[in-house]
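Presented below is the structure to which this report refers.
The values are calculated or read from the model by the stated rules, or taken from the named source; none is laboratory data. Given the structure is predicted, the values throughout are model-derived calculations rather than measurements. A quick note on method: Cβ atoms are made from the backbone with ideal geometry, for glycine too, and the neighbour counts reach across all protein chains shown.
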Amino acid sequence: MVAGIDLGGTETKFGLVNREGEMLAYQTIPTDPDIGYKTFFTYLANEIECLLLSLGDDVALLGASVGAPTGSQANGTIDNPSNLNWPNSLPVSKILESLLEVPVTVVNDANAAAVGEMLFGAAQGYKNFFCVTLGTGLGCGVVIDGELMLGSMGHAGELGHVTAIKGGRMCGCGRMGCLETYASATGIVRTVLEAEKDEYEHSVLSTYHKTKITAKHITDAAKEGDSLALKAFDFTGKILGEQLADTVAILNPELIVLTGGLTRAGDLLLNPTIKYMNCHLHDIYKGTVEIRLSEMNTKKTAILGSAAFMWLKLDSVSTQKV
Ligand SMILES: [Zn+2]
């Protein structure tokens, strides 16, 4: 078994995952910022060991992997854990290795999602693809020739912060017009709120308080044929599709996997994205790249992805031994 850990700002979810991608045990504990990281990780390690024991005596833990938004796989650290009172560049892999006595890796959540799709999901059997996570922001993990592309600092593939519209929407990173300000769950809400007054007032979405509208409301409205909601999906698909076409020219993938909360909209998002990507693609790539939605259970995708990252490491070690 490998322990996949999804370390979030308010709760930490973890599960024991075998090489086939089956999660045989699962648990959640609060990520309490006040108890200090030493106490937290000791508690986490104990809980993982209890979970392992619950599966019987003949199950061994081979490794663990921690997925976190600011996880650095190069250093095994979690950098800038902004909502936790933990030190910067906390050496999480070292701390957990000494407690669990198995190898521990740290991976950022976008890369974990890509590896999860490669080992257990929509990208099984593919060696050149990238996986775009459309949640609160936009993350991207890239696999080239079967290997995760990391770059010099492990931050390759930050597609969420390439410029989609010059001088466009203000982004949390301090720049303007970044892709994630348009193509994400929060981006589509901004699109609706920026609509012309007339159009907005004719939409069912105007019945919600402006601060309460979510991507789910927009999805439900679009399914009922609401014209503003449908337009918002078309616009989101346009911005995303055009940017994907540019990315195809850099990476030449055979597949793009879309995952994350916004993909629960299904064809409402997928169809315009495919349409605009194909319109924008250079001729040499036409018909060579497919876009698919993730088939994984989104609640546990992050755990499976973290575990997949460790399985990939264990596979490469055993291959080297052979
Ligand atoms: Zn940005």
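The residues of the range 11-26 that are in contact with a strand residue (DSSP E or B) (Cβ under 7 Å, 6 or more places away or on another chain) and surrounded by fewer than 16 Cβ atoms within 10 Å (Cβ to Cβ), listed by number, are E11, N18, L24, Y26.
The set of residues from the range 101-110 being surrounded by 20 or more Cβ atoms within 10 Å (Cβ to Cβ) and more than 15 Å from K300 (Cα to Cα) comprises V104, T105, V106, V107, N108.
Looking at this structure, is A122 within 16 Å of the ligand (Cβ to nearest atom) and closer than 30 Å to G21 by Cβ? The answer is no for A122.
Filter the range 72-89 down to the residues that are in contact with a helix residue (DSSP H, G or I) (Cβ under 6 Å, 6 or more places away or on another chain) and surrounded by fewer than 23 Cβ atoms within 10 Å (Cβ to Cβ), then identify the one that is modelled with the lowest pLDDT.
Restricting attention to the range 72-89, the residues satisfying the condition of being in contact with a helix residue (DSSP H, G or I) (Cβ under 6 Å, 6 or more places away or on another chain) are 76, 78, 86.
Those left that are additionally surrounded by fewer than 23 Cβ atoms within 10 Å (Cβ to Cβ): 76, 86.
On the way: G76: 91, W86: 84.
Taking the candidates together, the pick is W86.
Restricted to the range 161-182, and to residues there that are under 15 Å from L244 (Cα atoms) and assigned to a strand (DSSP E or B), the residue that is nearest to the ligand (Cβ to nearest atom) is C178. Applying the criterion of being over 20 Å from the mean Cα position of the chain (by Cα) and in contact (Cβ under 8 Å) with a residue 24 or more places away in the chain to the residues of the range 183-201, the residue that is nearest to the ligand (Cβ to nearest atom) is T191. Across the range 240-297, the number of residues qualifying as of a type in the set (A, V, I, L, M, F, W, C) and either part of a helix (DSSP H, G or I) or loosely packed, with under 15 Cβ neighbours inside 10 Å (or both) comes to 16.
Return the residue satisfying two criteria in turn: it lies in the range 183-205 and is part of a loop (DSSP other than H, G, I, E, B) and among the acidic types (D, E), and of such residues it is modelled with the highest pLDDT. Step through it out loud before you land on a result.
Start the filter on the range 183-205 by keeping residues that are part of a loop (DSSP other than H, G, I, E, B), which leaves 183-184, 194-196, 202-203.
Then drop every residue that is not among the acidic types (D, E), which leaves 194, 196.
On the way: E194: 96, E196: 93.
Looking at the filtered set, the residue picked out is E194.
I'd like the residue in the range 150-160 that is over 26 Å from L270 (Cβ atoms) and either touching a strand residue (DSSP E or B) at 6+ places or on another chain (Cβ under 6 Å) or within 16 Å of the ligand (Cβ to nearest atom) (or both) and, out of all such residues, is modelled with the lowest pLDDT. If we take residues in the range 150-160 being over 26 Å from L270 (Cβ atoms) and either touching a strand residue (DSSP E or B) at 6+ places or on another chain (Cβ under 6 Å) or within 16 Å of the ligand (Cβ to nearest atom) (or both), then G154 is modelled with the lowest pLDDT.
Among the residues of the range 120-153, those identified as surrounded by fewer than 24 Cβ atoms within 10 Å (Cβ to Cβ) and among the hydroxyl-bearing types (S, T, Y) are Y126, T136, S152.
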